Amino acid sequence: MLLPEVSIFRLHGRLDILQESVCVNKMSINIAIDGPAGAGKSTLAKEFAKRLQYIYVDTGAMYRGIAYYFLKNQMDVTNQTLICNQCTSIELRIQYEDGIQHVICNEEDITNFIRTEEVGNAASIVSSYPCVRQHLLDMQKKIARESDVIMDGRDIGTCVLPNAQLKIYLTASVECRAQRRFDELKSKMEQADYDKIYNEIMDRDYRDMNRATAPLKRAEDAFLVDSSEMNIEEVLDYFMKLYKDVILCA
Ligand code: DC
């Protein structure tokens, strides 16, 4: 077995982060980004992946794909027994077109149908079932084994990629996340009710953080980034600094 080349150093971040970091040579580079709904994970992870020319894997989209299938087939997503019985018959895969992740469910491209609040809330429910998580876990691990990836989700640093070379826990206050979602819907001329959005975010946080299997939590070795007072460029620059410091050991 090859011994990893290890160099240990300390990094002082502007976000009060102080952590021992280890640079390790191995086949593929894995970066894990976890955090609650609406913290900006996918926007940032996508941009980060573009800069590094890594594959961006949005695992939330996989859970949304499963949830969408059940909603479309009018199955009760709160019925765990039903969902677990049906789950293995879903063939879900992701593929990339011009660098954009597409979710294919039983050979149908459902990418454009999974971004609604309804699907997001159903995804939060079905993702609490161990059978659903197991169904997706092997696929997520396999992708990360074969490619340099930035993978985002809720349990990436803790369960899917516990050996990721860089782990980031991206969060923001509930008020800030609700306001961003409100502004986003308004800019698309869609109906938006701040209080409703706020309450949905609270519910989703609670469900994602308190489920028995693979709950959302910060991995002990993850860098904590609170984006409440930062814009996208600032967060991205900070991610790049972490990448250089931790992975390139520059
Ligand atoms: O990131 P998102 O909003 O697209 O995720 C939708 C739901 O999927 C989220 O509320 C919880 C679940 N999820 C999960 O349990 N584990 C992941 N790695 C990613 C998402």
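Out of all DSSP beta bridges in the chain, what portion is antiparallel? Express it as a percent rounded to 5.
In the chain, DSSP labels about 45 percent of beta bridges as antiparallel.
Between ILE100 and TYR194, the simple label model (points 7 Å from Cα in the Cβ direction) yields a spacing of 3.2 nm.
If R0 is taken as 25 Å, the Cβ-Cβ distance between GLN80 and LYS142 corresponds to a FRET efficiency of 0.45. Is segment 114-192 rounded, prolate or oblate when judged by the Cα gyration tensor, a ≥ b ≥ c being the square roots of its eigenvalues, rounded requiring a/c under 1.5 and prolate requiring a/b larger than b/c? Because a/c hits 1.5 or more and a/b exceeds b/c, segment 114-192 counts as prolate. Using a Gaussian network model of the chain in which every pair of alpha carbons under 10 angstrom is joined by a spring, one finds that among ASN163, ASN85, ASN121 the greatest mean-square fluctuation is at ASN85. Going out from 0 in 10 Å bins, what whole percent of all Cα-Cα distances in the chain drops into each bin? The percentages, shortest bin first, are 7, 31, 36, 20, 5, 0. Each of MET230, MET62 was scored by other Cβ atoms within 10 Å of its Cβ. Listed from fewest to most, they are MET230, MET62.
So which of LYS46/LYS72; LYS188/LYS217; LYS167/LYS241; LYS41/LYS167 end up more than 20 Å apart by C-alpha? From the list (LYS46/LYS72; LYS188/LYS217; LYS167/LYS241; LYS41/LYS167), the Cα-Cα distance tops 20 Å for LYS46/LYS72; LYS188/LYS217. No solvent, one uniform scatterer per C-alpha: report log10 I(q)/I(0) for segment 195-250 via the Debye equation at q = 0.20, 0.26 1/Å, two decimals. Those come out to -0.93, -1.02, one per q. Shown here are the Rg and Dmax of the Cα trace of segment 156-242, at 15.1, 42 Å.
Ordering PHE223, PHE113 from the fewest to the most neighbouring beta carbons within 10 Å gives PHE113, PHE223.
Extension gain for the segment ARG51 to SER89, taken as residue separation times 0.36 nm less the Cα-Cα distance, is 10.0 nm to one decimal.
Starting from the Cα of SER228, step 7 Å toward the Cβ, then list every residue of segment 186-218 with an amide N under 19 Å from that point. Zone members listed by number: 195, 197-206, 209, 217-218.
All of the numbers you see were taken from the coordinates with simple rules; none came from a lab. Fair warning: this is a prediction, and the values are worked out from it, not measured in the lab. Positions of Cβ are generated from backbone atoms using ideal geometry, with glycine treated the same way; all protein chains shown enter the neighbour counts.
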